[in-house]
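Let me begin by presenting the structure, written as structure tokens, before commenting on it.
The values are calculated or read from the model by the stated rules, or taken from the named source; none is laboratory data. Quantities reported herein were computed from a predicted structural model and do not represent experimental measurements. Cβ atoms come from the backbone with ideal geometry, glycine included; neighbour counts cover every protein chain shown. Ligands, DNA and RNA are excluded from the accessible area calculation, which covers all protein heavy atoms including side chains. Shrake-Rupley method; radii C 1.70, N 1.55, O 1.52, S 1.80 Å.
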Amino acid sequence: MATASVAFKSREDHRKQIELEEARKAGLAPAELDEDGKEINPHIPQYMSSAPWYLNSERPSLKHQRKWKSDPNYTTSWYDRGAKIHQADKYRKGACENCGAMTHDSKSCMERPRRVGAKFTNKHIAPDEKIETFELDYDGKRDRWNGYDASTYARVIERYESRDEARRKYVKTQQLKKLEEKNNNPNGEDGVSEEDEDDNEDDLRVDEAKVDESKQMDFAKVEKRVRTTGGGSTGTVRNLRIREDTAKYLLNLDVDSAHYDPKTRSMREDPLPDADPNEKFYGGDNRHRNSGQAMEFKQLNIHAWESFEKGQDIHMQAAPSQAELLYKNFKVIKENLKSQTKDTILEKYGNAANEEEFPRELLLGQSEREVEYDRAGRIIKGQETTLPRSKYEEDVYANNHTSVWGSWWKDHQWGYRCCKQLTRNSYCTGAAGIEAAEAAGELMKANIARKEAIGDMPPPVEEKRLATWGTDIPDDLVLDEKLLADALKKEDARKREVRDERKRKYNVKWNDEVTAEDMEAYRMKKVHHDDPMKDFLN
């Protein structure tokens, strides 16, 4: 039989191994022997005969199926409850002060506290308890029934039987009493109706139908989980689904719909494939098999099958840890092989995405390459150079124009060549617009020539001089030199006051009257920031 060793076998060795196993099953070859010299049944499945990979078994054996990790020090016995070992006659030093036993102290004493302890009375000394220590194995520590005496259950049975017997006697006594009353009063003088008698009899009689009904009512009850020795849970959850939910085999009653297997309670296909997926709560069992970790488990099984067919001793059920470890190693080796192949291809052919940037001449399509054309304009030698395109839109004709803006130049202005208009975004008037413009120009020249011939020239416009404070300067304006000097001093004082805000008085008097000398002083003292010589003033 196959072992847990992962040594690689060739196809020929694997084929011989399979043939030998078939011969042993047919009885044509002797059975295989284990380590103890015992024959191994060839019909034992491989997942049972294969030892786990972590045991490192060299030869086939069924030792791993037996209790091969037994320890003689472990025991399955239990404490001898209530056993006594010694009865003392007087109090001993170190014993319990309450009862006089040596096996516990007064704090742990389970007897009734005495008014005067055995230490002082030296009477009624309790016997010593039997103290035992066991070294239990893994199952013994977790055995719920360890130390249970099956004979004690006889008292439970006896109590229930005595109760049932008392109930039968009571029912029989009540029935006899009813019969006596009925015989003594045949005409029903007591006024007791037959319906009341029937009700009383029903109450006294044990109704088996009601008992069965109460059992059926517990079907929808979810029993609590109780932890067991193996770490799992006991008790069965009878409520498999909510009673209000529709069963999956009732979703579609069409005969040709999804098949329902009553033995396994499975319906792999979707019973309602045309329904809205947002409103369906059940879409078939295949939806869960093709999602989540089910796909990873499926890939793991496929890898185990393919490896076993290629001669590698691997089994998913016999050694799941070994199969998962080999599958992880296979994925790592596969990724390394892919990256190595990719690096080899890049090293041989290069990678245009990671190369340096192209020169600007190549990106813009300009180069010093010579291009030769024939008389018909066809390229003979080289390649035709392409003009670089700007980021702006080119050759876009708007408003019915046949030329772009800037194709016409006249009198230092740009315009459209198609209609010779100088206004941008204007509508194209074509040849009619050109003729109208020329006629307007000739008419304007004729009018100018006519006015010059008549001599009707417009009157000259008098130039007005403005004063420094924005009004017209009168012709007779004369500035007083003394007042101008005083105004310059006031302007200097005002600027010093503005610079030093701390010296500004609280009550400031403001004069709204501005004279010509004040405006002239303000103009002379004003700093022109655009003046290049302003830093050399004062």
Mean projected area (nm²) of the alpha-carbon convex hull when the stretch 244-354 is viewed from all directions: 13.8 nm²
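Using 0.36 nm times the number of residues separating L325 and A23, minus their current alpha carbon distance, what extension gain do you get?
Extra length from L325 to A23 when fully extended: 105.5 nm.
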Work out how much length F120 to E12 would gain on full extension: take 0.36 nm times their residue separation and subtract the Cα-Cα distance, in nm to one decimal. 29.7 nm
Which residues' amide hydrogens lie under 5 Å from the amide hydrogen of C428, considering only partners 5 or more residues apart or on another chain, with H built in the peptide plane? H401
Hey, with R₀ at 41 Å, roughly what FRET efficiency would R289 and R243 work out to, going by the Cβ-Cβ distance, to 0.05? 0.90
Convert each backbone phi in the stretch 299-307 into a coupling constant with the Karplus relation 6.51 cos²θ - 1.76 cosθ + 1.60 (shift: θ = phi - 60°), then list the ³J(HN,Hα) values in order as whole Hz, x for Gly and Pro. 5, 5, 5, 4, 5, 5, 5, 5, 5
Report, by chain and number, residues whose modeled amide H sits under 5 Å from the one on S266, excluding near sequence neighbours (fewer than 5 apart, same chain). D261
What residues qualify as long-range amide H neighbours of E97, i.e. H under 5 Å apart, gap of 5 or more or another chain, H built at 1.01 Å from N? S106
Mean accessible surface per residue for the stretch 11-65, computed with a 1.4 Å probe while every protein chain stays in place, in Å²: 72 Å²
With only alpha-carbon atoms in the gyration tensor, what are the semi-axes of the equivalent ellipsoid for the stretch 106-189, in Å, largest first? 56, 27, 9
Rounded accessible area of L272 (nearest 10 Å², 1.4 Å probe): 60 Å²
So for the stretch 11-65, considering every pair of alpha-carbon atoms, how many percent are separated by more than 13 Å? 63 percent
Where the convex hull is taken over the Cα atoms of the stretch 293-349, what is its projected area averaged over directions, in nm²? 5.0 nm²
Exposure of W414 as accessible area (Å², to 10), given a probe of 1.4 Å and all protein chains: 130 Å²
